[in-house]
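Remarks on the structure that follows.
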Amino acid sequence: MTIHQSIQHRTDVIFDSLVRLRRDFHRHPELSGEEGRTAAVITNYLKELGLEVYKGIGGHGVVGVLRGDGTGKKIAWRADMDALSMEVNDDQLFSSIHNDIHHFCGHDVHMTIALGIANNLVHHKEDIKGTVFFIFQPSEENYQGAKAMINDGLLDLIDPDEIYGTHISPMPVGLVASKPGFLFADYKKITITFREPAQETGLEAYTKELFVDLQNRKDESSFWDTRNLMDPEIGIGNPKTIFHDYITVRSDFEVIHKDGDIQVTSMVSASSKAIMDSIPIKLRDKINESSYKALLKHIKFAEKGLLYSTQRANIQNDPTLAKNAIRTMSEIYGDDHAIPLYGVIPDGRGDDFAYFQDKIPGVYFLLGGSNFKKGIIAMPHSLGFRVDEGSIKAGVNYFSTLLLEQTNK
Ligand SMILES: [Zn+2]
Ligand SMILES: [Zn+2]
């Protein structure tokens, strides 16, 4: 039996206990910052496995350390812990004990997978060369937990070379996917400020047109139909995807006249950081060629916004690690299970895993949770959110394999 067959065997052995664990988390969801019971369950589980455990980091954060022989790399796996406030009667047998708090973002599944990986790798401890850190992070939903753990000294306690994490997605169960760079488009507000001319010169209309011209997808394009995201020809899994190299512009501009200035603000999205960073430069170049050149004061990204802003934590995967990770998992589990993505999903999702990626190169995976035949659609934050628990088995297998391989490099 190879080591990876042995990993799959171990997952089969512990699978029923992991399902019970997931249903226990699901029954007892806790909001951001209130994950006390959840942290206690995790702490007990990790201690029973014999890991070194640290708790109370950045609130209810927990870290488990699995040491191999110390000659390999140090790899971190992160799972988020909090649930959502949503008023609904969860109709599952293992429903929440609260009417208004639910694990409708799948973090119960994420924690279970992380504990399953820990269990699996402890069982294969003699094959682990490096060190594996299991980070259980509170308060993901409000983007506070990752920063809180870092500010509380997490990276003095542990010093990972690489970090990985996953999120349940509406893809079919059994699939895992990722890509270099952004998984989701970044959204930012940009404000152009001019000195207001004494007479009407058409400046406001000109500025709105400048923004509109940035958009490189036509209104009638297939780009706008999100069903095309999964299309085999033009969807995000095809190298020829249409969800690539794009800028979109929201046309509900905000215009403010004050102190002799005119400020025009628009919300733009971009499929990569390089494209986003190029937008103010493009705008400035065009204005410099126009008759409004002398009136321009500045072009700025909004520092803090309401819905979307620089406070959004946008995933940015390390290009080399992302490619290697998908290759490693597809070699063991097949390239119909571990798939590279090429397109960037044009919605405003984020995850404060991004704040760990600011400090440590890492990769965030999308893990399939839907089972369309059974009517299970794993769309996070939707009222009908359900997860096929087969995703726990898939996740524990894929990521145990990945972490073991990475620590041995
Ligand atoms: Zn969420
Ligand atoms: Zn989530």
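Against the definition (closer than 23 Å to Phe133 by Cβ and not polar (S, T, N, Q)), how does Asp82 come out, yes or no? The answer is yes for Asp82.
Could you tell me whether any residue of region 68-79 is within 16 Å of ligand 1 (Cβ to nearest atom), in contact with a helix residue (DSSP H, G or I) (Cβ under 8 Å, 6 or more places away or on another chain) and either free of Cβ contacts under 8 Å to residues at least 12 places away in the same chain or within 22 Å of Ser391 (Cα to Cα) (or both)? Yes, the conditions are met somewhere in region 68-79. In region 334-344, the residue that is farthest from Phe399 (Cα to Cα) out of those that are in contact with a strand residue (DSSP E or B) (Cβ under 8 Å, 6 or more places away or on another chain) and crowded, with 19+ Cβ neighbours inside 10 Å is Val344.
Scanning region 137-157 for residues being under 22 Å from Lys47 (Cβ atoms) and within 16 Å of ligand 1 (Cβ to nearest atom) gives a total of 3. Among the residues of region 28-42, is any more than 16 Å from ligand 2 (Cβ to nearest atom), within 23 Å of Lys147 (Cβ to Cβ), among the aliphatic types (A, V, I, L, M) and buried (at least 16 other Cβ atoms within 10 Å of the Cβ)? Among the residues of region 28-42, at least one is more than 16 Å from ligand 2 (Cβ to nearest atom), within 23 Å of Lys147 (Cβ to Cβ), among the aliphatic types (A, V, I, L, M) and buried (at least 16 other Cβ atoms within 10 Å of the Cβ), which makes the answer yes. Just one of the listed residues (Asp16, Asp100) is touching a strand residue (DSSP E or B) at 6+ places or on another chain (Cβ under 7 Å) and in the same structural domain as Pro361 (by TED's automatic domain parsing), namely Asp100. In region 178-200, of all residues being among the polar types (S, T, N, Q) and surrounded by fewer than 21 Cβ atoms within 10 Å (Cβ to Cβ), the one that is farthest from the chain's Cα centre (by Cα) corresponds to Gln199.
Looking at region 292-409, the helices (runs of 4 or more DSSP H) lying wholly inside it that each contain 2 or more residues that are aromatic (Phe, Trp, Tyr) sit at 353-357, 390-407. With respect to (1) under 12 Å from Pro172 (Cα atoms); (2) within 16 Å of ligand 2 (Cβ to nearest atom), the lone exception for Phe365 is condition (1). Within region 377-396, residues that are aromatic (Phe, Trp, Tyr) sit with their Cβ atoms under 7 Å from residues that are in a loop (DSSP other than H, G, I, E, B), at 6+ positions apart or across chains, in these pairs: Phe385/Phe104; Phe385/Ala378; Phe385/Met379.
If the condition is being on the phi < 0 side of the Ramachandran plot, loosely packed, with under 15 Cβ neighbours inside 10 Å and more than 16 Å from ligand 2 (Cβ to nearest atom), then region 140-154 contributes only Asn151. For Asp213, the criteria (1) closer than 17 Å to Met276 by Cβ; (2) among the charged types (D, E, K, R); (3) in a loop (DSSP other than H, G, I, E, B) hold in every case but one, which is (3). Flag not set for Thr131, criterion: within 16 Å of ligand 2 (Cβ to nearest atom), modelled with pLDDT of 95 or more and crowded, with 20+ Cβ neighbours inside 10 Å.
The values are calculated or read from the model by the stated rules, or taken from the named source; none is laboratory data. The shown structure was predicted, so the numbers you read here are calculated from the model rather than taken from an experiment. With ideal geometry, Cβ positions are generated from the backbone for all residues, glycine too; neighbour counts draw on all protein chains shown.
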